[in-house]
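The values are calculated or read from the model by the stated rules, or taken from the named source; none is laboratory data. All values reported here derive from a predicted model rather than from experimental measurement. Note that we place each Cβ from the backbone using ideal geometry, even for glycine, and neighbour counts take in every protein chain shown. Ligands, DNA and RNA are stripped out before the accessible areas are found, and what is left, the full protein with its side chains, is counted by its heavy atoms. Shrake-Rupley method; radii C 1.70, N 1.55, O 1.52, S 1.80 Å.
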Amino acid sequence: MSPRRRHLVLLVIIYIGFISLGLPDTVLGVAWDSMREELDQPVYFAGFLATLLTICSAVSAFFSGTILRRIGTGRLLMICGFVTGCSLLGYAFSPAFWCLLLFAIPLGFGQGAVDTGMNYYVARYYTSRDMSWLHCCWGIGASCGPTLMTLILASGGSWRWGYIAVGCIQLALAVLFLLTLGLWSENAGAKEEKTEFADGHVQYSGRFWCCPAMMFLYCGIEFSMGLWVYQFLSGCRGFSAESAGFAVAGYWGMLTAGRFLIGCVANRLGNRRQIRFSMVLGFVGAMLLLIPGPVVLTLAAAGVIGFAFASFYPAMMHAAPERFDPATAATVIGYQGGAGMLGTAVIPAAFGYLAARTTFALLPWFVAAVTVIIFLLQWQVDGRRK
């Protein structure tokens, strides 16, 4: 196989892998009602399961740079594919809630490592456009997962069949990684991977720590917007449930569509511009959200924020090899992924606790303030470079 074709085949495999990665992430929300009734558990226990998954994924992401340096990307993806597939099948055959908690541990570790491994490989060997479309693929998987579970439940099937289906897809992906290990090792860039890692030492500098801090804050405001904008519009602006729901859908829809559209021009813009424009446009959207006006203006403001946030995560991941040497880049990508997961778990909950005791009208101000902080942190990382 020619190097050009091998390069393209590996990218397609990675895209399929990221679609598969998004499948189980959003299935629980649809399946939980049936699961808790069968397992006789209260509704809020889903939060314990989701928190455990997030923590394990974050820990795995933090250490993935070390693992990558030892075994390489292809083997890491293959091993974690088998781990996540078996864990999802464990979900399907769990007789009690404690079994779900037990299988959530390897599932979280596997997902965190796969996420970071794919992000590093695309950041190292592919373009900014490819990275943007990679995260668009996650959105496709995150949409297909609930759809698959809904179809199974609507046809009278058990939630267990849904997890069996998703688990089998993960195992099939692991087999695909196994069969294509030769492609990973033959790839021109992958040949240098172990040498680069062996010769490099991770440089923990101020610029290094700014990167996970930015991801922690960004993922926090991204999910805070998705979680609380409905409450802001319905409780503080008096919007109907339908209008507030459309605003939430528009926010996530523009974020996913934005990753595809921005991907078309990502190579021309470059990562630094994408990150800066993301925060500037996010600030503008937050200011628009502050204006009490017609429904159309508010829907547009939510869409602007979603579109603004679309490029930030892919650009941050793809910028790592530009900012640091290979060993440090692999580590910082893992730290960014782990910090983003922690931000998702901590910041929306903390803001919700604060807003419930004051007012959800703080949401646009919160988004605006965090975009300014991230902009300043990014200036520390990139603004002073020659």
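Summing +1 for each Lys or Arg and -1 for each Asp or Glu among the other residues whose beta-carbon sits under 15 angstrom from that of residue 318 gives +4. Normalised by 2.2 N^0.38 Å, where N counts its residues, the alpha-carbon radius of gyration of the range 274-386 equals 1.21. Note on residue 376/residue 12: beta-carbon distance plugged into 1/(1 + (r/R0)^6) with R0 of 35 Å gives a FRET efficiency of 0.35.
In what order, largest first, do 323, 129 sit by accessible area if the probe radius is 1.4 Å? Intermediate values should be presented prior to the final figure.
Details: 323 20, 129 85 Å².
Most to least solvent-accessible, the answer reads 129, 323.
Placing pseudo-labels 7 Å out from each Cα toward the beta carbon at residue 260 and residue 2 gives an inter-label distance of 2.9 nm. Below 8 Å, C-alpha to C-alpha, sequence gap of six or more: please give me the relative contact order for the chain in percent. RCO, the chain: 26 percent. For the range 8-123, what does the alpha-carbon gyration tensor say about shape, rounded, prolate or oblate, given a ≥ b ≥ c as the root eigenvalues, a/c under 1.5 as rounded, and a/b over b/c as prolate? Judged from the Cα gyration tensor, the range 8-123 comes out prolate (a/c at least 1.5, a/b above b/c).
Given axes a ≥ b ≥ c from the Cα gyration tensor, I'd like to know whether the range 1-65 is rounded (a/c under 1.5), prolate (a/b larger than b/c) or oblate. Spell out each step's value before the answer.
Numbers: a/c = 5.97, a/b = 2.19, b/c = 2.73.
It is oblate, given that a/c is not under 1.5 and a/b is not larger than b/c.
Please compute the Kirkwood hydrodynamic radius of the chain from all pairs of different C-alpha atoms, in Å with one decimal. Its Kirkwood hydrodynamic radius stands at 21.4 Å. Stretching residue 71 away from residue 290 to a fully extended chain increases their span by 73.9 nm, per 0.36 nm per residue minus the current alpha-carbon distance.
Dividing the summed -39500 (n - 2.57) terms of all DSSP H runs of n ≥ 4 by the residue count of the chain sets its mean residue ellipticity at 222 nm at -28500 deg cm²/dmol.
Compute the Cα gyration tensor for the range 55-157, then decide on rounded, prolate or oblate, letting a ≥ b ≥ c be the square roots of its eigenvalues: rounded whenever a/c is under 1.5, prolate when a/b is larger than b/c in the other cases, and oblate in all that remain. Don't skip to the end; give the middle numbers.
On the way: a/c = 2.75, a/b = 1.37, b/c = 2.00.
Taking the square roots of the gyration eigenvalues as a ≥ b ≥ c, the range 55-157 is oblate.
If you plug the beta carbon distance of residue 354 and residue 158 into 1/(1 + (r/R0)^6) with R0 = 51 Å, you get a FRET efficiency near 0.80. Under 18 Å from a point 7 Å along the Cα-to-Cβ line of residue 93: which residues of the range 142-163 have their amide N that close? Counting backbone N atoms under 18 Å from the label point, the list is 158-163.
Modelled spin labels at residue 151 and residue 203, positioned 7 Å past Cα toward Cβ, are 5.0 nm from each other. A simple spin-label model places pseudo-atoms 7 Å from Cα toward Cβ; at residue 267 and residue 44 they are separated by 5.2 nm.
Write out the chymotrypsin sites (Phe, Trp or Tyr not before Pro) in the range 81-126 meeting two conditions: DSSP loop, and at most 15 other Cβ atoms within 10 Å of their Cβ.
Those satisfying the criteria are 93.
Taking 0.36 nm per residue of sequence separation and removing the Cα-Cα distance, the residue 105/residue 361 pair yields an extension gain of 88.5 nm. Of 24, 50, 35, which is farthest towards the positive pole of the range 1-55's charge dipole, taken about the Cα centre with +1 and -1 on the beta-carbons of Lys, Arg and Asp, Glu respectively? The residue sitting farthest along the positive end of the dipole is 24.
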